[in-house]
Each structure stands twice: as structure tokens, then as C-alpha cells.
Amino acid sequence: MAGKPGQNGDTDALNLTLEQLVAGDTSAADRLFPVVYDQLRRLAETMLREGRQGHTLQPTALVHEAFLKMVHQEQRTWKDRAHFLNVCALAMRQILINYARGRSTEKRGGGWRRITLSGFSDDSENLDVDAGALHAALEHLARLNPRHYQVVVARFLGGLSVEETAHVLGVTQRTVKRDWSAARVWLALQLNKAG
């Protein structure tokens, strides 16, 4: 994400706190949470808004659960803020999937609402899709091409820039652009078939 005025110092402090947490300083988690809370809350609100109707899980609960899951991992290998936020987005998505599976005995797609996606096709039209279809397409993409899936999660769910995504995934910006373009086309085709 593009830096705002004064954000470089905040980013440096956040990266230092992440390094301390990775190194085993458990008190770093207490310092980290207030710094990333607002970003994680916005991410949680977006994910919940685009999920099932009548969701009983609240953004605050999702943030707390994802954060606890992240800081209690045995292997902490976050490179920096962008990488940490991307992994948090994946953790939140997995929590929502598990939550939906645990609460639902409905047929596949039951209770999912329609959402509008922009930027998933080369034309300027937005896609109006069922959130359940998007979930199924992302699951399929994860199996078919894990890196394309990671790019979609980083760019679409995590809100990372091309540069941040390249850094997090350890690939070039050109690779991210190519993967993002291919994944968008593939997802648009899948979602058009489902719609």
C-alpha cells in the first residue's frame, strides 16, 4: 500500500516489532496489535461484507482470532508489514471458511449473497457474482495454480500493491502483473459460468 505522510516511520517501527516477534520476543505481540488493528479491522469488514448474509461473526472477533492465530504460530517468517498483512488476509479467509463450514448445513452456495467485483475482466464492466461462487472459484484456483491464488489474495483481499505483492511472494513485479492478469481472466470466466 502506498505510504502516507509520516507512515515510513510507522512502517519502520512495525517492521522492527515484527522482527522482534519473529525472533521470539513474545511481548512484541502486545506492541504489534495496536499498530495493525485498524488495517486488520478494515480488511475484516471487507471480507465479512462480501461473505454470507446474516453473518454472526463480527469484524472485531475476526481480527482477534486471526491475530492470535498469527502470533501463536510456531514458525513466524514474516518479512515485513506487507507480508504480515497478506498472511493475515489468508488467515482471516481460512477462519471464515471454517466458520461457514461449521455453521452451515445448507447446500453449497445457500445463504451467500451477490457481490460486485471490479477489475476482474479486461472490459470496464463490473461482475455481479454470488459470493459462494467466488469462494468456490478461489478454492479451485488455489489447487490449480497456487501462485495465482496467492497473487489474488494479496491484491484483491489483502489490498497490496503490485510492488508489495512481488516483495511478499519473492517474485518480480512483472511476474505479479502477468499472474494477476491471468488470474483475473480465469476468475472472470469461472464466475461468468457460475452466474
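The values are calculated or read from the model by the stated rules, or taken from the named source; none is laboratory data. Everything numeric in this text was worked out from a predicted model, so none of it was measured. Cβ placement follows ideal geometry from the backbone for every residue including glycine, while neighbour counts extend to all protein chains displayed.
Restricting the first member to the stretch 138-167 and to residues that are over 12 Å from LEU85 (Cα atoms) and assigned by TED's automatic domain parsing to the domain that holds ASP38, and the second to residues that are assigned to a helix (DSSP H, G or I) and modelled with pLDDT under 85, no beta-carbon pair is closer than 8 Å while six or more apart or on different chains. Looking for something modelled with pLDDT of 75 or more and not assigned by TED's automatic domain parsing to the domain that holds ASN15 - is there at least one such residue anywhere in the stretch 114-129? Taking every residue of the stretch 114-129 in turn, none turns out to be modelled with pLDDT of 75 or more and not assigned by TED's automatic domain parsing to the domain that holds ASN15. Within the stretch 78-92, identify whether any single residue is crowded, with 18+ Cβ neighbours inside 10 Å, in contact with a Lys or Arg (Cβ under 8 Å, 6 or more places away or on another chain) and modelled with pLDDT of 70 or more, and answer yes or no. Yes, that holds for at least one residue. Hey, among GLU45, GLU74, GLU50, which residue is among the charged types (D, E, K, R), over 21 Å from ASP12 (Cα atoms) and at pLDDT 80 or above? Only one candidate qualifies: GLU45.
Scanning the stretch 149-195 for residues that are within 16 Å of the chain's Cα centre (by Cα) and of a type in the set (Ser, Thr, Tyr), we see that the one that is modelled with the highest pLDDT is TYR149.
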